[in-house]
Structures are given as C-alpha cells and as structure tokens.
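Sending over a structure as structure tokens; questions will come in a sec.
Laboratory data are not the source of any read-out in this text; all were calculated from the coordinates shown. Predicted, not measured: the structure shown is a model, and the values here were computed from it. Backbone-built Cβ (ideal geometry, glycine too); neighbour counts: all protein chains shown.
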Amino acid sequence: MGYTLRLDKYKKVDIDILLGHYRFDEKDAFLLKELESIAQENLDSLIDEFYKFIFSFQYAKIFLNNDEILQRHEQAIRAWFMRLFSGQYDKEYFDYLFTISETHVKIGLPTHYVNTAFSFIREFVVDMLWKNDKPDHFSAMHKIIDINLDVLSLLYHQEDQEQLINEVVLIKNTIRDNSIVPFLQPIVDAKTNSICKFESLMRMPDENGNIIYPIYPILQTSKKIHLYNELMRQMIVKTFHIFRELNYSFSVNISYEDISNIGFCDFLKQQLETIPNPNRVIFEILETDVITDFDVILSFIAQIKKFGCQIAIDDFGSGYSSMENILKLKPDYIKIDGSLIKNIDTSIESYTIVKSIITMSKELNAKTVAEFVHNKQVYNILKELNVDYFQGYYTGMPFASTELLER
C-alpha cells in the first residue's frame, strides 16, 4: 500500500507514514471489506439522516442551496461512504481522497463543515456496528475514518493564504472592471404557471470569464477587507438597469450589513428614484438578519415602503426569528426555507411545518414563495397546499440577466 502522495506545489505526503501512524494494516482492510454489504443496506438511511443533520446548520444551506448541487453532493457522499468499506486502500484510493480535499478547498467549504460531517458519519457507523453485532470491527472503522479526516483536511492550512490572496485580487478586479453579472431565477405564479417575477443573484467572472459559483465565500472575504459595499452597489445598479424598461417585479437580497450602512441606504434611495414603478422592487431579508437589530430592520422597511417597495422574509422556517417580530414587519412575501421544501415529499415533519407556514402566511396576508422546488413530486404537493409562487430548478434555472433583454 506504500507510495508518496504528490500534492503538486504542496509538500509530499508519505502514505506509509500516514497509515503507520494509525497502525492500519491488511487485517484492518479485510475487516472493513466484511462490512461492505452491511454498509450497502444502511446507505439510504445514512443519506436521509445525514442531510437532516447538516441542514440544521446555516452553512450547509449556503453551500447546498440548489437541487443540482445537492444531487451531485449526494452522489459523492454515497460513493465516498461505500469506498470506506471497499477493502482497497491503494494509490487510487488516496488520489480519490486528495481530489475530494482539493474540491473542498476550491469551493471554500469551511473546515468545520468537514469536521461536523465526520462526527456524524462516525456516530452513524458506530450505531450500525452495534446493531449488527460487529464489535471486533470498531478499531478498523475508527482508523479508516481518522485517515480520511486527516487526508481530507490536508490542504486547508496550506491553501488558506493563497486562496485569500486570490480572492482579494478577484474582488478588486471585479470592482475595477465593473464586471458583476446579475443572474436571474424565475418565480412562477402557482395559479397561472407563468413567470411573474425574478430574483436577482450576484455572480462574478474569473480571469477566464467563467462564472464563479458558489459566491458566498468570496462575499465573506469582501466583508473582511471592506469591499463588500462596492460589490453591492454594482449589483444594485446593474439589476435596476436590467428592469428599468421591463414590466416584471424583481427581488434583490439585502443583508444586515447593507441595511445598517447609512451611506448604502442613501445610495439605495437614490437608485429607487431612477426606476419607474419602484413598487415592483422586492427586498429580500434573511430571517436570521431580523434578530440582529430589529429596530434597524424596521426603520429600513419604513423608508423603502415610502417608495412602494415590497419586503420578503427569506429562508423562513430556519427557526431564528420570533413570530412577534415577523408580525411587526408585515412582510409582503414569506419565502419558505429550501431545506424544508426539498424534503416535503419524503418527510412528514417538513410537510407539517410547510403547511403551517402557508396557513399562517395567508392569515397575515403575506404571499408564500416555495424555494428549492426541484422535482414534480415537490411541485404537486406544494400546489395542493396552495402555495402562491414556485422557485427552483424544476420551474426555472438561473440565467445571465442579459438573456432577458434578448427575449
């Protein structure tokens, strides 16, 4: 099993030393191979419980925020889990782990995501072994999980410095070149099944013109170096320009950082004065931002309501805001959190919560938008529950805003 794992510009890692550190040998490989059929039997259960667990964390909702990414992620988790019990831990296996680690770093996945996920996997497998009366396999199981965690964490510390520099350069070049690209995702009326609104989503190109996604890690970096405000100004100007002559309502995401910035709020009001029928503008505020400083949020809403603008509470159902505060905000739309919607066809709990949110919203005279509508089953269930609007890959993929002008 011995060979050296080459990490290109990174240091070389001797796999013999790594395996020796954990005293992992052929006997361990054999014991893990014996668990392969048990792992296969428990695979679906693992997937169900894994996503229920990680979607209780906000960062999972950020990184797995559409059905295409989620499906690829699920396929990768299934493949990785079964390879734990393949009994083959050779050069190909460790190259496979390195590729996963490299991907995590490239997309900016936090190290605490990896650690949290591994904690869950370990607990699940321990329970699986107890239920199948396999106490002799515990040691081998812990060894392979520790080895995986070691390798999958390998690049983070080496990459952090370079990644930060690259992101700073990207942000500064984007601002210099005015190259923000708003992407638009359709919002579909549940009664007419036609597009009636769009959500504008920030995207930016890399040096080769390829659109970068997900953008959340870069936005976090922009906040640290105090350039986030410049990116948002570009985003607002370009989105307003696209819809100035089009007869669609449209939404933009506004964070607490934006709302609490007096200069940005003044800029926003100036932009609203330039657009015909500003009552078409919807500002989406995260439910989690509502509790940061409720008075600041309330003051912002009062100001933009003077222009006739509307308010949507985004990711509603993540459980942070008090209902009393939501009532005070009097939102025009409540966007139901995608982690609830995606499981509505398989989870009684998600179904019950979504049904309650829709009922409550109607009593508040607020329209409901179901996010993450990713298949026909989910679509049909939401239709029966009388949701007002659909948003998701099933009803419309995000596209570059320039395409709307060409339609």
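If you line up the long axis of helix 43-54 against the longest principal axis of the chain, both from Cα atoms, how many degrees apart are they, to the nearest 10?
The angle comes out at about 50 degrees.
Kindly express, to the nearest 10 degrees and within the range 0 to 90, the angle between helix 91-106's C-alpha long axis and the longest C-alpha principal axis of the chain.
Computed tilt is about 20 degrees.
Write out the trypsin sites (Lys or Arg not before Pro) in region 282-380 meeting two conditions: DSSP loop, and at most 15 other Cβ atoms within 10 Å of their Cβ. Spell out each step's value before the answer.
Numbers: sites: Lys305, Lys306, Lys328, Lys335, Lys342, Lys355, Lys362, Lys367, Lys376; in loops: Lys306, Lys342.
Listed in order of number, the matching sites are Lys306.
Right, next: As a check on your grasp of the helix formula, calculate [θ] at 222 nm for the chain: sum -39500 (n - 2.57) over DSSP H runs of n ≥ 4, divide by the residue count, round to the nearest 500.
Calculated mean residue ellipticity at 222 nm is -17000 deg cm²/dmol.
Each residue of region 256-268 in order: what ³J(HN,Hα) in whole Hz does its phi give by Karplus 6.51 cos²θ - 1.76 cosθ + 1.60, θ = phi - 60°, with x for Gly and Pro?
The phi angles translate into 4, 4, 5, 5, 7, 9, 4, x, 5, 5, 5, 4, 5 Hz.
Please list, by residue number, every one of the trypsin sites (Lys or Arg not before Pro) in region 231-276 that is coil in DSSP and has at most 16 other beta-carbon atoms within 10 Å. Numbers along the way, then the final one.
On the way: sites: Arg233, Lys238, Arg244, Lys269; in loops: Arg244.
In loop regions of region 231-276 (DSSP not H, G, I, E or B), the sparsely surrounded trypsin sites (Lys or Arg not before Pro) are Arg244.
Net charge near Leu298: determine it from the other residues with C-beta under 11 Å of the C-beta of Leu298, scoring Lys and Arg +1 and Asp and Glu -1.
+1
Additional query: Which value, in debye to the nearest 20, describes the size of the charge dipole of the chain about its Cα centre when Lys and Arg Cβ atoms bear +1, Asp and Glu Cβ atoms bear -1, and nothing else is charged?
1100
Output ³J(HN,Hα) for region 71-83: one whole-Hz value per residue in order, computed from phi by the Karplus curve 6.51 cos²θ - 1.76 cosθ + 1.60 with θ = phi - 60°, and x for Gly and Pro.
Values, residue by residue: 5, 5, 5, 4, 4, 5, 5, 4, 5, 4, 4, 5, 6 Hz.
Next question, about the same structure. To the nearest 20 debye, what is the magnitude of the charge dipole of region 4-154 about its Cα centre, counting +1 on the Cβ of each Lys and Arg and -1 on the Cβ of each Asp and Glu?
I would put it at about 520 debye.
Oh, and also: With everything on Cα atoms, drop me the angle between helix 111-131 and the longest principal axis of the chain, reported from 0 to 90° to the nearest 10.
50
Can you list residues from other chains, or at least 5 along the same chain, whose modelled amide H is less than 5 Å from the amide H of Ile311?
Phe283, Asp332, Tyr333
Can you give me the long-range amide H partners of Val181? Hydrogens built in the peptide plane at 1.01 Å from N, cutoff under 5 Å, separation of 5 or more residues or another chain.
Amide H neighbours of Val181, under 5 Å, 5+ apart: Arg203, Met204.
So between Asp95 and Val168, what do we pick up on full extension, going 0.36 nm a residue minus the alpha carbon distance?
Using 0.36 nm per residue and subtracting the Cα-Cα distance, I get 23.3 nm.
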